[in-house]
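Peer 1: Sharing a structure here in structure tokens format.
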Amino acid sequence: MGRAVALGRAARGDTVIVLGSNREKGERLLNEAARLEVTGAIEFEQVDLSGIDDTRAVVRRIAARHDVLDALTLFANRQAPRRTVTGDGLEQVFAVYYLSRYLLSYELSPLLRRSRTPVIVNVAGVGTTKGRLHWDDLQLEDEYGMVTAQLQAARANDLLGARFAAQQDNPIPYVLYHPGFTRTGDLSPLRPALRVTLRVLAALAARPVERAVSPIHRFIDDPPRAPLSAIDRDKSLPLTLRTLDPHDADRLAQATRAILTAHDRAVPTTRDGAT
């Protein structure tokens, strides 16, 4: 979906910065942009979003080249059948699917605030009520499961949107968007039998990528006026959902700040992100 949005925005005349860990996929995207004659409209930044310092470093690189950012769209996720720990000592799904989105949302805010029509679109699972935050075990050391990790990070993104939108004097609308089951995604980390099952289900029931990303273009072209919007496919959801609870949003924000503070104390960094 991120690829489709990038090419769609470039075709509309926007400059698009794409973040990704896979250089080969980035090159394929740039080649596709060239084929569509939008060469130069897409910039690819290779970055491991599971790393706190790497994510902050790419923010600095973007800020060095661009004064204004009109829209931030968040897609990063990574399936992990087995618990994997990042170099920062964090569970990988939590780090990629939630923490990188937290860092990009807040640390790119200065550029977004300079836009006349800023917006953040966080593509996750709002509207789904399954899953929970494991407050005493956010890194899932005792309760890891692939689905458990995905659902926890999805619920964390709901709370990220709720907390971001609640900031005082915040001019940046935050859209939580659930595209539904979409014919997309990297299934390579999954077991072969599960990959086959998901491909069959996708062929039968998944939405085409073009349909799934269509609302994202609308959010960018005409950002909502409300500080927070929750959209499940084509349906606006009430902000009274228990998954958007302000108390839980504050609690997660406090826990996230504690993680980042502990990281900063343990691993001093230079200006370019090198340790």
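Peer 1: Output the residue which, of all residues in the range 66-91 that are surrounded by fewer than 21 Cβ atoms within 10 Å (Cβ to Cβ) and of a type in the set (Asp, Glu), is farthest from SER105 (Cα to Cα).
Peer 2: Taking the candidates together, the pick is ASP88.
Peer 1: From the list ALA41, ALA57, ALA63, pick out the single residue that is buried (at least 17 other Cβ atoms within 10 Å of the Cβ) and either within 12 Å of the chain's Cα centre (by Cα) or modelled with pLDDT of 95 or more (or both).
Peer 2: ALA57
Peer 1: While we're looking at this one, here's another question. Listed residues THR129, THR117; which is under 19 Å from PRO215 (Cβ atoms), touching a helix residue (DSSP H, G or I) at 6+ places or on another chain (Cβ under 9 Å) and hydroxyl-bearing (Ser, Thr, Tyr)?
Peer 2: THR117
Peer 1: Which ones in the range 119-149 are crowded, with 20+ Cβ neighbours inside 10 Å and either acidic (Asp, Glu) or part of a helix (DSSP H, G or I) (or both)?
Peer 2: ALA149
Peer 1: Looking only at the range 253-269, count every residue that is more than 20 Å from the chain's Cα centre (by Cα) and either assigned to a loop (DSSP other than H, G, I, E, B) or among the polar types (S, T, N, Q) (or both) and tell me the total.
Peer 2: 4
Peer 1: Filter the range 235-252 down to residues that are part of a helix (DSSP H, G or I) and not acidic (Asp, Glu) and give me whichever is farthest from PHE164 (Cα to Cα).
Peer 2: ARG242
Peer 1: Hand me the list of strands (runs of 3 or more DSSP E) wholly inside the range 1-117 holding 3 or more residues that are within 17 Å of PHE219 (Cα to Cα) and in contact (Cβ under 8 Å) with a residue 12 or more places away in the chain. Give the steps one after another, and end with the answer.
Peer 2: Values: elements: 16-20, 42-46, 71-74.
Answer list for the range 1-117: 71-74.
Peer 1: Right, another one. Looking at ARG114, is it of a type in the set (Lys, Arg), modelled with pLDDT of 95 or more, on the phi < 0 side of the Ramachandran plot and crowded, with 22+ Cβ neighbours inside 10 Å?
Peer 2: no
The values are calculated or read from the model by the stated rules, or taken from the named source; none is laboratory data. All of these numbers come straight from a predicted model, not from anything done at the bench. Every residue, glycine among them, receives a Cβ derived from its backbone with ideal geometry; neighbour counts consider all protein chains shown.
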